[in-house]
Amino acid sequence: MNSAEIEQIVKQVIGEMQGTAPKKTSGEYPKTARVAMLTSVEHFDVKEFPVPPLGDGDILVKVEGCGVCGTDAHEFKRDPFGLIPVALGHEGTGEIVAMGKNVKKDSAGKPLNIGDKVVTCMIFKDNPDITMYDLNKQNVGGADVYGLLPDDDIHLNGWFSDYIIVRSGSTIFNVSDLDLDSRILIEPSAVLIHAVERAKTTGILRFNSRVVVQGCGPIGLLCIAVLRTMGIENIVAVDGEDKRLAFAKEMGAEKSVNFKNYKGIENLAKGVEEAFGGYPADFAFQCTGSPVAHANIYKFIRNGGGLCELGFFINGGDATINPHFDICAKEITTVGSWVYTLRDYATTFDFLKRAKAIGLPVEKLITHRFPLNEINEALKTNLSMQGLKIAIVNE
Ligand SMILES: NC(=O)c1ccc[n+]([C@@H]2O[C@H](COP(=O)([O-])OP(=O)(O)OC[C@H]3O[C@@H](n4cnc5c(N)ncnc54)[C@H](O)[C@@H]3O)[C@@H](O)[C@H]2O)c1
Ligand SMILES: [Zn+2]
């Protein structure tokens, strides 16, 4: 043992006695961490902050990667949530390098150890009506997530960084059995697991249903993959970009319809019907943030069919529909879908393994990878819609 190692051990022991050091750590406790802070509209500064000591229930995670979400892009462009300065990045994953003495298990009851790969989900708030397993009472719209927190003295609050401190009271999952790409895709995939759970409550979505998925961004493409892993094969994808429609087919859509090739909604609806061999859809998933697309989708659905609207995480404005034709006369059952529950997270881990097992190229969704110091380029690439999922991957 050299003198530096001895010094480290002494520091650790003294720190533990004073309650200022982690109780368990792999190697040397890092002194500083880089954090990408959005400091003004369309500008991140990569700042270096000291890594504070951990509390007994805290976990220090070395970040491996984090996906860029549409929500990050909105915050980058306009700061609609009024969070600047903020450490963004909520689709992240990494490895536990230190933890407080009270940390033993993850939110599913699996043991947690140094070296485990993890993701976080919601941060509990002191509101008994927000139940993480059942959204019937009140959904988790008001819950917090790392990567969308107001800045504080700790600063290590987002996944676009070298390290993040997961504090006591957060939800965390041990996902060491998933590869890095799959782990980066957990958060967006959970959105679709939840949407399909919501769709199932209508009783209309079945094994042999004809399903239309409108919008083939990451959300719509993952929707198709989730449906395929459930055994639903009769899927028609609708979008305006041929490249995305081609990928929809790789993900498991049987047919695709480019709405730009049709004049007027009646013709487009006929196009979708033809893709199903002359039948309207039993069920539809609306995965665009476009009000026109919301209005259109009722025309694709049969009488007595169902609709899951999940495309408006951001307020995209009002849509005009005709309640007589679109809802009443057709008796369409509509459900909205908003993020996910903890249980959906657990289902998502299985989905990602199953998707791989049946050969769906889910990891191909990550089209661009940037190092942390190119975070501004990464966000600009996302806004330019050149790729699908853009990710920050740490060296
Ligand atoms: N419910 C939730 O919890 C939740 C979570 C995350 C994202 N979202 C929402 O999901 C939506 C999709 O997310 P994304 O990351 O895939 O976005 P995206 O912008 O990458 O994809 C949207 C797709 O819709 C297509 N499109 C636009 N107008 C259309 C139209 N009229 N008809 C058919 N296709 C059309 C676009 O060409 C694009 O491919 C976003 O609007 C986002 O707000 C919801
Ligand atoms: Zn997201």
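Out of 309, 274, I need the residue that is surrounded by fewer than 16 Cβ atoms within 10 Å (Cβ to Cβ) and out of contact with any Lys or Arg (no Cβ under 8 Å at 6 or more places or on another chain). Which one?
274
Can you pull out every residue in the stretch 60-82 that is more than 16 Å from residue 159 (Cα to Cα), over 16 Å from the mean Cα position of the chain (by Cα) and part of a helix (DSSP H, G or I)?
Step one: of the stretch 60-82, the residues more than 16 Å from residue 159 (Cα to Cα) are 74, 77-82.
From what is left, the residues that are over 16 Å from the mean Cα position of the chain (by Cα) are 77-82.
Residues satisfying the conditions are 77, 78.
Go over the candidates 215, 240 one by one and state the one that is within 16 Å of ligand 2 (Cβ to nearest atom) and more than 25 Å from residue 346 (Cα to Cα).
Numbers: 240 fails: within 16 Å of ligand 2 (Cβ to nearest atom).
Going through 215, 240 in turn, just one is within 16 Å of ligand 2 (Cβ to nearest atom) and more than 25 Å from residue 346 (Cα to Cα): 215.
Out of all the residues in the stretch 143-156, is one or more β-branched (Val, Ile, Thr) and crowded, with 18+ Cβ neighbours inside 10 Å?
yes
Taking the stated definitions as given, is residue 77 surrounded by fewer than 17 Cβ atoms within 10 Å (Cβ to Cβ), at pLDDT 95 or above, of a type in the set (Lys, Arg) and within 16 Å of ligand 2 (Cβ to nearest atom)? Can you show your working first?
On the way: surrounded by fewer than 17 Cβ atoms within 10 Å (Cβ to Cβ): yes; at pLDDT 95 or above: yes; of a type in the set (Lys, Arg): yes; within 16 Å of ligand 2 (Cβ to nearest atom): yes.
Yes.
Among the candidates 52, 85, which residue alone is surrounded by fewer than 24 Cβ atoms within 10 Å (Cβ to Cβ), more than 16 Å from ligand 2 (Cβ to nearest atom), over 26 Å from residue 219 (Cα atoms) and under 23 Å from the mean Cα position of the chain (by Cα)?
85
Have a look at 144, 181, 152 and point out the one that is without any contact (Cβ under 8 Å) to a residue 60 or more places away in the chain, acidic (Asp, Glu) and either within 16 Å of ligand 2 (Cβ to nearest atom) or touching an Asp or Glu at 6+ places or on another chain (Cβ under 8 Å) (or both).
Just one listed residue meets the conditions, 144.
Do we find that residue 103 is part of a loop (DSSP other than H, G, I, E, B) and either within 15 Å of ligand 2 (Cβ to nearest atom) or touching a residue at least 12 places away in the same chain (Cβ under 8 Å) (or both) in this structure?
When the stated conditions are applied, residue 103 passes them.
Could you say whether any residue in the stretch 247-256 is in contact with a Ser or Thr (Cβ under 8 Å, 6 or more places away or on another chain), touching a residue at least 24 places away in the same chain (Cβ under 8 Å), more than 16 Å from ligand 2 (Cβ to nearest atom) and not hydroxyl-bearing (Ser, Thr, Tyr)? So that I can check it myself, show each step before the final result.
Restricting attention to the stretch 247-256, the residues satisfying the condition of being in contact with a Ser or Thr (Cβ under 8 Å, 6 or more places away or on another chain) are 248-249.
From what is left, the residues that are touching a residue at least 24 places away in the same chain (Cβ under 8 Å) are 248.
Subset that is more than 16 Å from ligand 2 (Cβ to nearest atom): 248.
This time we only want the ones that are not hydroxyl-bearing (Ser, Thr, Tyr), so: 248.
Taking every residue of the stretch 247-256 in turn, at least one turns out to be in contact with a Ser or Thr (Cβ under 8 Å, 6 or more places away or on another chain), touching a residue at least 24 places away in the same chain (Cβ under 8 Å), more than 16 Å from ligand 2 (Cβ to nearest atom) and not hydroxyl-bearing (Ser, Thr, Tyr).
Of the numbered conditions (1) under 25 Å from the mean Cα position of the chain (by Cα); (2) within 10 Å of ligand 1 (Cβ to nearest atom); (3) exposed (fewer than 15 other Cβ atoms within 10 Å of the Cβ), residue 293 fails exactly one; give the number of that condition.
(3)
How about the stretch 290-340: which of its residues are among the hydroxyl-bearing types (Ser, Thr, Tyr) and within 16 Å of ligand 2 (Cβ to nearest atom)?
337, 340
Which one is nearest to residue 359 (Cα to Cα), of the residues in the stretch 249-258 that are surrounded by 20 or more Cβ atoms within 10 Å (Cβ to Cβ) and within 15 Å of ligand 1 (Cβ to nearest atom)?
Residue satisfying both the conditions and the ranking: 251.
The values are calculated or read from the model by the stated rules, or taken from the named source; none is laboratory data. What you see is a predicted model; the values in this text were computed from it and never measured. Here the Cβ is made from the backbone with ideal geometry for all residues, glycine too, and neighbour counts use every protein chain on show.
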